[in-house]
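No lab work stands behind these numbers, since they all come straight from the coordinates. This is a predicted model, so every value here is computed, not measured. Quick reminder, even Gly has a Cβ in these numbers, built from the backbone with ideal geometry, and neighbours come from all protein chains shown.
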Amino acid sequence: MIKVEHLSKKFGNLVVLRDVNIEIREGEVISVIGPSGTGKSTLLRCINLLERPSGGSIFIDGIDMLDSKTDVPKIRQKMNMVFQSFNLFAHLSVIDNLTIAPIKLLGKGKKEAEEKALGILTMVGLAEKACNFPDELSGGQKQRVAIARCLAMDPEIILFDEPTSSLDPTMVSEVLSVIRRLAKDGMTMVIVTHEMDFARDLSNRVLYMDEGIIYEEGTPEQIFDNPQKEKTRGFINRIRSINYHITSPRYDPHTMSAEIEAFCEKQILPLKTRQNLRLIVEELLRIYTPFLESTFLDITLAYSEKKQSVELVLESGGDGVNPLDKNLLPDKSAESAIWAMMRGIEYQRVNGKNRVTLLLQ
Ligand code: ADP
Ligand code: MG
């Protein structure tokens, strides 16, 4: 349905896309992930020619988009785009936002367009808001209107550019749930997203972008659980972990536990694991506190889907000793409590730091 070959895009001297090759079949849901600034938006904008590519070719249903004889506005109707910032017409009511393009571009009658628009608004849960104006809606509602407006054009493909990243966390799921519904209905979609859980359970394929190319691609399992290339691995590790840097015994334990809690929620960890984690972190901090007068402590918490386990890495400065060494612990019972909840503990001296790696049961 979409075939992108050797696509390149430069802005002046800045090479954003070097050599992008993608093939997307009907009904596929493709997630595009990667660090910011790697050209994900530019790629979407090139695909529907909001941005003129510098080189390469793009075929939509076999039609060469870069051929001067191609009727680009007509093809673009097949391939609508949803933006991070909604881009609704502020001076038009919700229903007029949906009907304006079908009436003006597809020559639909007003009544027919409105009936159809109402059907779509019902599907996205906003039939009651048909006569409201965009500024009377929440961010999540606006984005659902933007998706509805897209659907009013009967697109064959929808391109989403970070559809939830400008929303309050409480509104993300209402938008994702609409996109899920579209996937179920078989819509072909390309979604640039930072919602990794969503990308994981919705997409057929995940494309990781970096260095101006599709740096790695695969099934969600391949990309999230077993990335093959270094940068992909680095990116996946970063998004699946949190890091906490403590520099004195007077750090804020409440902010830290709130962050750990939020992390657990995002990774959908079982309650038992969360409770254990809380106890372990508390216990570890008690053990590390005497060291904190003279050195720092870096705590990294990462969830590995593959090992189905949480890994805790503690790095501290100071002399080469294992802070969890049995003989140094003031209270032996504390240590045995930690052991009981662990699948493994390993001490290493790395780059002048004491690194202890703990794997939770
Ligand atoms: P992403 O969506 O992955 O964060 P973008 O596609 O938005 O990345 O941007 C990739 C790079 O291209 C960035 O360095 C950005 O500053 C640059 N860029 C994007 N659009 C333009 C533009 N219209 N003019 C100049 N530079 C641009
Ligand atoms: Mg972007």
- Message: How many angstrom lie between the Cα centre of the range 45-69 and the Cα centre of the range 155-209?
- Response: 23 Å
- Hey, with R₀ at 35 Å, roughly what FRET efficiency would D71 and K231 work out to, going by the Cβ-Cβ distance, to 0.05? 0.35
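Taking the Cα centre as origin and putting +1 on Lys and Arg beta-carbons and -1 on Asp and Glu beta-carbons, what dipole magnitude results for the chain, to the nearest 20 debye?
Numbers: 45 positive and 50 negative charges, 80 e Å.
Approximately 380 debye in magnitude.
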- Item | Kirkwood Rh and Cα Rg combined as Rg/Rh, the range 2-235 | 0.97
- Can you list the equivalent-ellipsoid semi-axes of the range 181-252, largest first and in whole Å, using the square root of 5 times each Cα gyration tensor eigenvalue? 30, 17, 10
- Note on the structure: To the nearest 10 degrees, the tilt of helix 94-106 (Cα long axis) against the first principal axis of the alpha carbons of the chain is 50 degrees
- So what's the angle, to the nearest 10 degrees on a 0 to 90 scale, between helix 139-151 and the longest Cα principal axis of the chain? 40 degrees
- Helix 230-239: inclination vs the chain longest Cα principal axis, degrees, rounded to 10, gives 80 degrees
- Message: So for each of 141-147, 17-23 I average, over its residues, the number of other beta carbons within 10 Å; can you give me the resulting order with the highest mean first?
- Response: 141-147, 17-23
- Query: What are the residues whose amide H is under 5 Å from the amide H of R240, where those residues sit 5 or more places off or on another chain and H is modelled from the backbone?
  - Reply: none
- Antiparallel DSSP beta bridges within the chain, as percent of all bridges there, nearest 5: 75 percent
- Item | Protection-proxy order for peptides 164-170, 248-254, each taking the mean of Cβ atoms within 10 Å per residue, highest first | 164-170, 248-254
- Message: Relative contact order for the range 202-361: what percent, with Cα pairs under 8 Å and sequence separation of 6 or more?
- Response: 19 percent
- Item | Burial order of peptide ranges 128-140, 37-49, 78-90 (average beta-carbon count within 10 Å, highest first) | 37-49, 78-90, 128-140
- Filter on K9/K353; K9/K78; K69/K184 - keep pairs with C-alpha separation over 32 Å: K9/K353; K69/K184
- Would you mind calculating the relative contact order of the chain from Cα pairs under 8 angstrom and at least 6 residues apart, reporting the percent as a whole number? 15 percent
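Around G212, under 9 Å between beta carbons, what's the net of Lys plus Arg minus Asp minus Glu among the other residues?
Net charge around G212: -1.
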